[in-house]
Amino acid sequence: MYSLYGFVTPAPGMRSELREVLLSLVAPSRAEPGNVEYHLHEEDDGRFFLYEVWRGDADFAAHMETPHMTGFARRAGDLIAGAPEAYHGRMISPPVSVRAPV
């Protein structure tokens, strides 16, 4: 399994807008066939933490080409301060098979 985790820092004055845009990515990303988990967290310092798990590299690559992600990429420059801090890895523990309601 392929995992991505990292932080995104909002540009000055853009925290609320970035929160809404990032939240709008959750449902369509979770609906993708290769998605195992997709989570968004808001840190006390204003940064957003993303945690994603995909069946494999190809599923993540396909995710990055979806309309919701390419649309986000076009807008990100105005919403984000600096480059996102992203880390990629291989999940070696078994995934959670049941998602609890939020």
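The values are calculated or read from the model by the stated rules, or taken from the named source; none is laboratory data. Given the structure is predicted, the values throughout are model-derived calculations rather than measurements. Backbone-built Cβ (ideal geometry, glycine too); neighbour counts: all protein chains shown.
Residue-by-condition table, conditions (1) loosely packed, with under 10 Cβ neighbours inside 10 Å; (2) at positive phi; (3) in a strand (DSSP E or B); (4) at pLDDT 90 or above:
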position	(1), (2), (3), (4)
Ala62	no, no, no, yes
Asp78	no, no, no, yes
Ala86	no, no, yes, yes
Val96	no, no, no, no
Pro101	yes, no, no, no
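Give just the number: which of (1) within 17 Å of Met64 (Cα to Cα); (2) in contact with a Leu (Cβ under 8 Å, 6 or more places away or on another chain); (3) not hydroxyl-bearing (Ser, Thr, Tyr) does Val36 not satisfy?
In the conditions (1) within 17 Å of Met64 (Cα to Cα); (2) in contact with a Leu (Cβ under 8 Å, 6 or more places away or on another chain); (3) not hydroxyl-bearing (Ser, Thr, Tyr), Val36 misses (2) alone.
Has segment 29-43 got at least one residue that is at pLDDT 95 or above, among the aliphatic types (A, V, I, L, M) and loosely packed, with under 14 Cβ neighbours inside 10 Å?
yes
Just wondering, is there one or more residues in segment 29-48 that are of a type in the set (Val, Ile, Thr) and in a loop (DSSP other than H, G, I, E, B)?
Scanning segment 29-48, I find no residue that is of a type in the set (Val, Ile, Thr) and in a loop (DSSP other than H, G, I, E, B), so the answer is no.
Criterion first (closer than 19 Å to Ala86 by Cα and surrounded by 15 or more Cβ atoms within 10 Å (Cβ to Cβ)) does Phe72 satisfy it?
So Phe72 passes the test.
Give the residue that is nearest to Ser29 (Cα to Cα), with candidates limited to residues of segment 61-79 that are in contact with a Ser or Thr (Cβ under 9 Å, 6 or more places away or on another chain), of a type in the set (A, V, I, L, M, F, W, C) and in contact (Cβ under 8 Å) with a residue 12 or more places away in the chain.
Met69
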